[in-house]
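S.K.: Take this structure, written in structure tokens, and hold onto it; I'll ask about it next.
The values are calculated or read from the model by the stated rules, or taken from the named source; none is laboratory data. Since the model is a prediction, treat every value here as computed from it, not as a measurement. Every residue, glycine among them, receives a Cβ derived from its backbone with ideal geometry; neighbour counts consider all protein chains shown. Side chains included, ligands, DNA and RNA excluded: accessible areas come from the protein's heavy atoms. Shrake-Rupley method; radii C 1.70, N 1.55, O 1.52, S 1.80 Å.
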Amino acid sequence: MLSQPKTDDRVSSRPAGVVILGGAHGTLALARSLGAQKVPVWLVSADTPLPRFSRYAHRQMTWPGPEDDGAVAFLLNLAETHGLDGFLLIPGGDPEVRLVSRSIEQLSDVFDVVLPPWQQLKWVCEKPLLYRRARELALAIPLTYEFTSLEQASAAELRFPVILKPN
């Protein structure tokens with residue numbers, strides 16, 4: 001006899017709806033996937049219009065963004081004004097993850113939030129902390145080079161392949 005897998009009781013198998021904050025291609029795919037399952041999807045973005053092209057988006061709106069001082073108040077007001085209490089809140093980009101994780105206590109009063117608090121999550125979101133922890137555990141990590149000038153980069157002995165990622 002096959003045993004049933006344990007379910008995570010933090011979130012129902014079919015949420016009342018989902019509010020997705022920010023993101024781009026991944027957000028578009030998530031909206032499509034959830035919308036195809038008849039889950040109401042709200043897209044809230046401060047920058048890219050890409051996710052708005054999904055026919056599965058129940059509603060799209062803009063907001064001041066995760067860096068705005070009133071971001072949490074905006075989300076709480078959005079939930080109250082539009083009856084989104086109990087909706088799953090999914091951050092779609094790094095700044096949104098930071099905001100939601102840092103504001104988890106306030107946002108969890110209204111939304112279902114399935115993220116750990118920032119004190120735990122920051123270890124995987126902030127690359128210097130992640131790399132430091134990986135070195136402590138003797139895990140392989142990509143080599144990183146920090147340059148402050150083109151001359152430093154030109155003089156460096158780089159191992160190829162190299163991915164350039166300005167910070």
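S.K.: State all residues of the stretch 52-95 that are in contact with a Lys or Arg (Cβ under 7 Å, 6 or more places away or on another chain), in contact (Cβ under 8 Å) with a residue 24 or more places away in the chain and open to solvent by 30 Å² or more (accessible area, probe 1.4 Å); if no residue qualifies, say none.
M.R.: Across the stretch 52-95, the qualifying residue is only 56.
S.K.: In the stretch 40-56, what residues are aliphatic (A, V, I, L, M) and closer than 21 Å to residue 100 by Cα?
M.R.: Correct list: 41, 43, 44, 46.
S.K.: Checking residue 47 against (1) outside any loop (DSSP other than H, G, I, E, B); (2) at pLDDT below 85, which single condition isn't satisfied?
M.R.: Unmet condition: (1).
S.K.: Limited to the stretch 68-101, what total is found for residues that are charged (D, E, K, R) and more than 18 Å from residue 117 (Cα to Cα)?
M.R.: Total meeting the criteria: 4.
S.K.: Determine which single condition residue 101 fails, assuming it passes every other condition in (1) touching a residue at least 12 places away in the same chain (Cβ under 8 Å); (2) open to solvent by 40 Å² or more (accessible area, probe 1.4 Å); (3) of a type outside the set (Phe, Trp, Tyr).
M.R.: (2)
S.K.: Turning to a different aspect of this structure: What number of residues within the stretch 37-51 satisfy the criterion of being surrounded by 12 or more Cβ atoms within 10 Å (Cβ to Cβ) and either of a type in the set (Gly, Ala, Ser) or without any contact (Cβ under 8 Å) to a residue 12 or more places away in the chain (or both)?
M.R.: Qualifying residue count, the stretch 37-51: 2.
S.K.: Right, residue 97: modelled with pLDDT under 90, among the aliphatic types (A, V, I, L, M) and assigned to a helix (DSSP H, G or I) or not?
M.R.: no
Residue by residue, here is whether (1) open to solvent by 90 Å² or more (accessible area, probe 1.4 Å); (2) in a loop (DSSP other than H, G, I, E, B) holds:
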site	(1), (2)
105	yes, no
110	no, yes
131	no, no
134	no, no
144	no, yes
147	no, yes
152	no, no
158	no, yes
161	yes, yes
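S.K.: I'd like the residue in the stretch 100-143 that is at pLDDT 90 or above and among the acidic types (Asp, Glu) and, out of all such residues, is farthest from the chain's Cα centre (by Cα).
M.R.: Taking the candidates together, the pick is 136.
S.K.: Let me ask something else. Please determine, by comparing only the residues of the stretch 144-167 that are at pLDDT 80 or above and of a type in the set (Asp, Glu), which one is nearest to residue 132 (Cα to Cα).
M.R.: Within the stretch 144-167, the subset at pLDDT 80 or above is 147-158.
Retained after the next criterion (residues that are of a type in the set (Asp, Glu)): 151, 157.
Working: 151: 27, 157: 22 Å.
Step by step, filter the stretch 144-167, then rank; the result is 157.
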